[in-house]
1. Of everything in the range A:212-245, what is in contact with a Leu (Cβ under 8 Å, 6 or more places away or on another chain), over 18 Å from A:Gly201 (Cβ atoms) and not in a strand (DSSP E or B)? Give them in sequence order.
2. Do you know which residues across the range A:59-82 are surrounded by 15 or more Cβ atoms within 10 Å (Cβ to Cβ), within 20 Å of A:Arg110 (Cβ to Cβ) and not aliphatic (A, V, I, L, M)?
3. Away from chain A (no Cβ under 14 Å), free of Cβ contacts under 8 Å to residues at least 24 places away in the same chain and surrounded by fewer than 18 Cβ atoms within 10 Å (Cβ to Cβ): is that true of B:Leu199 in this structure?
4. Would you call A:Leu44 part of a helix (DSSP H, G or I), away from chain B (no Cβ under 14 Å) and not hydroxyl-bearing (Ser, Thr, Tyr)?
5. For the range A:148-166, which positions are in a helix (DSSP H, G or I) and either under 18 Å from B:Glu220 (Cα atoms) or facing chain B (nearest Cβ under 10 Å) (or both)?
6. Scan the range B:121-134 and give yes if some residue there is of a type in the set (Gly, Ala, Ser) and within 23 Å of the chain's Cα centre (by Cα), otherwise no.
7. Of the residues B:Val109, B:Val71, only one is surrounded by 21 or more Cβ atoms within 10 Å (Cβ to Cβ) and either among the hydrophobic types (A, V, I, L, M, F, W, C) or more than 30 Å from A:Val86 (Cα to Cα) (or both); which?
Amino acid sequence: MLLRVENVHKSFGALKVLKGVELSVDKGDVVAILGPSGSGKTTLLRCVNFLERADEGVLTFDGERFDLARMAKRDVSRLRKKTAFVFQSYNLFLNKTALENVTEGLITGRGIPKTEAIKTARRALDKVGMLDRADHYPSQLSGGQQQRTAIARAIAAQPEILYFDEPTSALDPELTGEVLAVMRQLAEEGMTMLVVTHELGFARTVSSQVVFMEGGVVVEAGPSRQIFEAPRQERTRVFLQTDQT
Amino acid sequence: MDSRLLDILVDSFPKILIPGLTVTLPLTAIAFSIAMVIAVAAALAQFARVPVITPICRFYIWIFRGTPLLVQLFVVFFGMPKVGITIAPFPAAVIVFSLNEGAYCAETVRAALEAVPSGQLEAGLCAGLSYLQTMRRIILPQAMRTAFPPLSNSIIAMVKDTSLAANITVVEMLRATEQINARVYEPLALYIEVGLIYLLFSTVLTWLQRIGEKRLSAYENRGV
């Protein structure tokens, strides 16, 4: 098991967003987190990568146990270097070219020599089909191109797990496909991924596991095939049916 | 124009311009550089909500934005000797202009920092940069781009405000003009002349601003 979180609680003021969530990801797994808006799936992902501080919860990563509510800064930055995050709104560094977006974390964050970092970055950009745009700034790229660059930035440092937060939700339907294709390719190469998504097609065909959340709890989790073909919970069944029409 | 007046204008021109180049501009350049260091430090401290430092910054900004520049000059130059601190005119002017300008620019830079989308900081942290690395490499450069036009405004205003230093015996352009005027008494012509030289300086700065903005906007939208 690569990653496991247990009993994650998180409130924003009086609003309880997560009420004891549990989830685990094995190496090579592609886990899709599904659920209606407001179910807490994005908050869960942000807690797992410490963008939000959980009120309570235990994280086990690579066999090490951490208290999510009391993470030391040192542990946070150490774990962040083993993970990568792809945002819904891309969040490419606006003052950096596509290439620099990828090299920044390698050179500044990890102290990799510049020439080596550029080589690595170009390989990553090539993989997502963005090498010919390496010198473009984010403002000169389409949403799909920006998101593919963001994925290149995420994979360049060879993280142990990739987190995706609704990576295609900000994209026009015709641009969604190019991003999903890149994610599918990563999944086939064995990349471990935890994906919050509304793309049921992606969840069904690419992910190996599905976690269905609602109201701040995990309603049902299991192999994608089972969840899609024979959901045990009525809520899951209703969600999958209504969303597919 | 009679030839006496013309002679006075021609004769006074270098006598005003030279203090402009040796006092007004250095005073502006030195004080503005120090002000920028103060401004960025104070803005970053407030942005990161550093305990203790943040309220100190607020207090400093409150004092220097809330009192007249001329009063500040008088306090430092005429007032401080009372408590045994005597400062020569030029350094006194540098101190006051730096602190005064630093207070205004701190607010400009702070606003610009807050205008950077919060996702930029998160992306930096997730890409493996530390908080300070993200500030230095990602947030601050973007904020300075936003802050550049208002900061240019500030420096242009400062070139002209340095004329207040005449009141604490710094022989900058205005005081040089006053000295000439005391001899020849041609206030209209001489004060218009010094005004035009200020205008010339401001024009050059405006022009530099435009070049600067063009270079800084390299990453902004030029169309997909």
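1. Result: A:Gly216, single match.
2. Within the range A:59-82, A:Phe61, A:Asp75, A:Ser77, A:Arg80, A:Lys81, A:Lys82 meet the criteria.
3. Details: away from chain A (no Cβ under 14 Å): yes; free of Cβ contacts under 8 Å to residues at least 24 places away in the same chain: yes; surrounded by fewer than 18 Cβ atoms within 10 Å (Cβ to Cβ): yes.
Yes.
4. Values: part of a helix (DSSP H, G or I): yes; away from chain B (no Cβ under 14 Å): yes; not hydroxyl-bearing (Ser, Thr, Tyr): yes.
So A:Leu44 passes the test.
5. Taking the range A:148-166 first, the residues in a helix (DSSP H, G or I) are A:148-156.
A:Thr149, A:Ala150, A:Arg153, A:Ala154, A:Ala156, listed by residue number.
6. Our first condition is that a residue be of a type in the set (Gly, Ala, Ser); within the range B:121-134, this holds for B:123-124, B:127-128, B:130.
This time we only want the ones that are within 23 Å of the chain's Cα centre (by Cα), so: none.
Among the residues of the range B:121-134, not one is of a type in the set (Gly, Ala, Ser) and within 23 Å of the chain's Cα centre (by Cα), which makes the answer no.
7. Working: B:Val71 fails: surrounded by 21 or more Cβ atoms within 10 Å (Cβ to Cβ).
Only one candidate passes the filter, namely B:Val109.
Every residue, every condition in (1) farther than 17 Å from A:Ile155 by Cβ; (2) among the aliphatic types (A, V, I, L, M), yes or no:
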site: A:Ala32; (1), (2): yes, yes
site: A:Thr43; (1), (2): yes, no
site: A:Val48; (1), (2): yes, yes
site: A:Asp55; (1), (2): yes, no
site: A:Val58; (1), (2): yes, yes
site: A:Asp62; (1), (2): yes, no
site: A:Arg74; (1), (2): yes, no
site: A:Tyr90; (1), (2): no, no
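Rule-based calculations on the coordinates, nothing more; no lab input. Predicted model, so just to flag it, every value in this text is computed and none were measured. Because the Cβ atoms are built from the backbone with ideal geometry, glycine has one as well, and the counts that use them run over all protein chains shown.
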